[in-house]
Every structure is written in structure tokens, then in C-alpha cells.
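The structure appears below as C-alpha cells.
Coordinate-derived values only; no laboratory data. Everything numeric here is computed off the predicted structure, so don't read it as measured data. As a convention, Cβ positions derive from the backbone with ideal geometry for all residues, glycine included, and neighbour counts pool all protein chains shown.
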Amino acid sequence: MTKLGAGIAITGCGSAAPKARLSNDHLSQMVETSDEWISSRTGMKNRHIASWEETLSNISAEAAEAAIAMAGISAAEIDLIILATSTPDDLFGTACQIQNAIGAYKAVAFDLTAACSGFIFALITAAQFIRTGVYQNTLIIGADVLSRWVDWSERSTCVLFGDGAGAVVCQGIQGSDRLLGFEMYSDGSQNNCLNLSYQGQSKPLIEDVTVGSGTYRPITMNGREVYRFAVAKVPEVIEKAMFRANITAEQVDWLLLHQANQRIMDTVAKRLQIPEEKVLSNLAKYGNTSAASIPLVLDEAVRQGKVKPGDIIAASGFGAGLTWGAAIFQWGK
Ligand code: UT7
């Protein structure tokens, strides 16, 4: 147990993606689209797609094990696991399957759903348990297999999404706090912009008692509205988090945004006057992996040696809900 008032350090990261890749050219054989349209409108080239055997828990466990190894602890030392996902293997929750797969027997494990903001919301949630001294070692996973829920005949959405998992280990430390500031928002009045909703029909059980019978319907999105929302709200929420962190945009080493569209990332960077070489991007390889996108690109940048211990990262997630949030943190022990 840490003492009340412990600070936070993000000490390990890991990621995993399914094997199969689907390129823009592959997609143009499936729907009326082109590499030119997809690349110029989104920056995406490829995405990884999970087969039937590649479950959310499998790729999450692989990402989690890599993060735990980098942090230099064992799974048995983890106190808390939060899995941010909108595509669980089991609607009752998938975090417990991951806990069992990695042998984190001491950890309490639960799912958190906030779409593409999920990883940021989960990181901030885990941080509260550390700050209050309740837990020392936490594992935060962002993972999604949206390919299960895409209408593969609908060109306006099927070209955007890919599957993947990313994880970080967040630990309590005494004497400093590397989570410098954060901010989170929700606006349910715009919920209809982006949905993966249950749709049922009424099925009678007995007289006067009916139940809903149906399933979740494929993703629907008003792309233009979500785009407008993102370029308006993301710079604002990062500015608020930077204010709380008492830093200016010049002090930010890396802008780490949810990987939804290169044009959104470029516009946000421009508004914040952060130069493009500080923008972390891998959506050309992975597409939009929802809750996984932020830890996936972080892991890649750390392992490439781009992000170094002590670097200041401004991270922001945004998406369905609508939800959006930002966390400013320093990487490493
Ligand atoms: O992770 C959750 C957060 N999600 C986002 O942040 C997504 C935000 N939105 C976007 O990134 C963009 O709105 C999209 C990439 C989804 C779409 O780009 P856009 O520049 O807003 O295109 P649009 O929806 O305005 O469509 C322009 C045209 C339309 O044709 P008309 O009506 O101008 O004739 C579409 O039918 O492009 C057409 N279109 C396509 N054409 C070729 C839509 N999808 C495709 C496609 N290939 N895949």
C-alpha cells in the first residue's frame, strides 16, 4: 500500500495487433472506394483485422504482458486492472479473463466503456486509486476489435477502423507526480453522432409482459459532425489540462492524440501551435483502433526511442458518447 498522497508514474507500455492486414487496395475490392480517397481524407493505409480465434482478451493479454515486463514487476504484483473497451468478448466484462490469462491473481479487474476516450478515462480513474493510497500497481489496457461491428458494405465507416490493444503500467511513487494535469467531458445530447446500439423488437413472454429481442447493430457515424466536434473540443480540452499542469504548449514534447484522422491531428496541432514533428502518428498502419489507439502509438514511440524518460506528453481521446478528455504526463519512472 502506498501512503495517501502518492504520485503517479507510467513505467511500462506494450501493444499487440492481430496478424491479418487489410490495405486500402483490399478495401477498394470490397466497396466503391480508392486508396487515393482513403489516404487523402484520413491518412490511413492499412489496418489489422482480428480473425475468429484472435479474441480481445488474447491481444489485450499480449499487450499487458509486454507492459508489465517493461515496468519490471510481475503480474502477481498488480493491484488493479482496468480494461477500456467497447467490444468485450463478454458483455459481463472481459477484464477478468485477462487477469486470469496473465496470472494477476491479486488484482481486481473491471471494464470501462468510453469509446475512443476510454484509455484516457481509464488512466485517470486508475490514478485516483493510486493518489488516495488504495493501490500501488495498476494496469490500464485500451483494446478494441471494432471489425466485429463494422458494416463491411458501408464505405463511409468500414475503411476507418482496425483492431488492436495497448497497455500501460501506472505505479505509485513518493516525492513526485508525473500525471501533471487532466480534464474529462461528456455530452450525451450529441449521442446520435456515433453509435453501436442495441436494437431489439418486442417479444411477448406472457400477457402484458414483453422483452426486447435483438442484437447490437453495426457502427453508424455522422463523420462530418464528429470531425467538427473533434477539431473544436480537442484543442480546448488539452489547453485546460495544460493549464492544470501549469505548462505551456512549448513545453510539450509529444502530442499523442486518438488516431482517428490525420487531418484532425494536424488541425489540433496547428491550433495549439505544436509543430508537426511532435505529433505521434501511426494510423497509416493501424487505422482507428478506438480505445487502443493512444497506448498503441505510445508503445511504438517508446520502443523506437522517440519518447524518452521525462518527456512531457499531451494525450487526448475523443469519440462516441460523445466523450473527450486529456491527460498531460511525463513518461517513465
Ligand atoms: O474514433 C471516433 C472518432 N471518429 C472520428 O473522429 C471521425 C471524424 N470524421 C472524419 O474523419 C471524416 O468525416 C471522414 C473521414 C469519416 C469522412 O471524410 P469527409 O471529408 O468528412 O467526407 P464526407 O463524409 O463529407 O464525404 C465526402 C464524399 C461523399 O460523397 P458526396 O456526397 O460528396 O458525393 C461520400 O459519399 O465522399 C464520399 N465517401 C467516400 N468516397 C469514397 C464517403 N466514404 C467514402 C469512401 N470512398 N470510403
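The table below lists the values:
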read-out	value
Residues in the stretch 150-164 that a label on TYR198 would reach, taking backbone N under 12 Å of a point 7 Å out along Cα→Cβ	none
Sequence-distant aspartates and glutamates (8 or more away, or on other chains) whose Cα lies within less than 12 Å of LYS278	GLU250, ASP253, ASP266, ASP311
Only Lys, Arg (+1) and Asp, Glu (-1) charged, at Cβ; the stretch 7-177 dipole about Cα centre in debye	300 debye
More than 37 Å apart - percent of Cα-Cα pairs taken over the chain	14 percent
Ellipticity estimate at 222 nm from DSSP helix runs (n ≥ 4, -39,500 (n - 2.57)) divided over the chain, nearest 500	-9500 deg cm²/dmol
Max mean-square fluctuation residue, GNM over the chain, Cα-Cα springs under 10 Å, options LEU205, LEU180, LEU91	LEU205
Residue with peak Gaussian network fluctuation, the chain [Cα springs, cutoff 10 Å], from TRP254, TRP52, TRP152	TRP52
Leading residue at positive end of dipole, the chain (Cβ point charges), from ILE98, ILE73, LEU179	LEU179
Mean separation of Cα contacts under 8 Å, 6 or more apart, over the residue count of the stretch 17-69: relative contact order %	42 percent
For GLU154, GLU183, GLU236, order by how many other beta-carbon atoms lie within 10 Å, fewest first	GLU154, GLU236, GLU183
Taking the chain and dividing mean pair separation by its residue count, relative contact order in percent (alpha carbons under 8 Å, at least six apart)	26 percent
Residue-span extension gain [ALA284 to ASP151] - 0.36 nm each, minus C-alpha spacing	45.8 nm
Simple spin-label estimate for HIS26 and ASN222 in nanometres, 7 Å along Cα-Cβ	3.2 nm
Length added when fully stretched, ASN100-ASN246, from 0.36 nm per residue minus Cα-Cα	48.5 nm
Cut-off 13 Å (backbone N to label point 7 Å along Cα→Cβ of ALA76), residues of the stretch 99-116	103-107
Per-residue Cβ neighbour rank within 10 angstrom, fewest leading, TYR286, TYR135	TYR135, TYR286
Sequence-separation-based contact order of the stretch 7-177, relative, with Cα cut under 8 Å and 6+ spacing, percent	35 percent
Neighbour-count ranking [beta-carbon atoms within 10 angstrom, fewest first] of TYR216, TYR227	TYR216, TYR227
